[in-house]
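Where a number appears in this text, it was derived from the coordinates with a stated rule and is not lab data. Predicted model only: the values in this text are computed from it and were never measured. With ideal geometry, Cβ positions are generated from the backbone for all residues, glycine too; neighbour counts draw on all protein chains shown.
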Amino acid sequence: MEITHQADYALRAIMYLAKLGPGQRVSTSQIAEKNNIPPSFLTKIVSQLSIAGLIHTSRGAHGGVWLARSPESITLLEVLEAIDGSVNLNHCVADPGICSFSDTCVLHVFWQDACHTLVERLKATNFGNLAAKPASELPAAA
């Protein structure tokens, strides 16, 4: 299983903004260039992040893109959900009625538990913490 390219790009864009500091505005072209994101793809991502209330955008000479909230208040889960919707590891987690075995299926229970664990970890991880440390100092998965 893999997150989409769009979600990966969105996470990198938010991380870039988080590392800039409070209220710092940058152009989408700078975000795209520094993070190897196709500019046309970034336009759609910026729109989705703006609609989700994670970033602000402004046009013109003093325009740009900047975080709508502090990096500490933006979680990985919020960004992923803004781009890809709910996090689910299997279709039966989102809609148990889709599978006739969901009431008795050990795999269904496993997928629910694994999804809950993943969502809680994504919800507990914010960009303030991530931006403050080099990758080598971040905790590894247990």
Fill in the blank from the handout: Distance in nm between H56 and A132 label points, each 7 Å along Cα→Cβ, equals 2.4
Practice task
Report the convex hull volume per residue for segment 31-87, counting only C-alpha atoms, in Å³.
Solution key: 100
Fill in the blank from the handout: Taking Cα atoms, the helix 39-51 axis meets the longest principal axis of the chain at an angle in degrees (rounded to 10) of 70
Completion exercise
Per the rule of 0.36 nm per residue minus the C-alpha distance, extending N88 to K19 adds in nm 21.9 nm
Handout entry: Counted charge near L122, where neighbours are those whose Cβ lies closer than 12 Å (Asp, Glu -1; Lys, Arg +1)
Key = -2
Practice task
Along each of the three principal axes of the Cα atoms of the chain, give the extent in whole Å, ordering the values from largest to smallest.
Solution key: 60, 32, 24
Problem - Added length on full extension, which subtracts the Cα-Cα distance from 0.36 nm per residue, V109 to N35 - result: 22.8 nm
Fill in the blank from the handout: For the chain, longest principal axis from Cα atoms; helix 5-20 axis from its Cα atoms; angle between them, nearest 10 degrees, is 50
Problem - Given charges at beta-carbon only (K, R positive; D, E negative), |dipole| of the chain in Debye - result: 740
Problem - Separation in nanometres of the label points that stand 7 Å from Cα toward Cβ, at A124 and E72 - result: 1.9
Exercise for the section: Would you calculate the separation in nanometres between label points at C99 and Q48, each defined as 7 Å from the Cα along the Cα-to-beta-carbon direction? Expected result: 2.5
Practice task
Report relative contact order for the chain in percent, whole number only (criteria: Cα-Cα under 8 Å, sequence separation at least 6).
Solution key: 26
Handout entry: Protection proxy ranking, peptides 44-50, 121-127, average beta carbon neighbours within 10 Å, highest first
Key = 44-50, 121-127
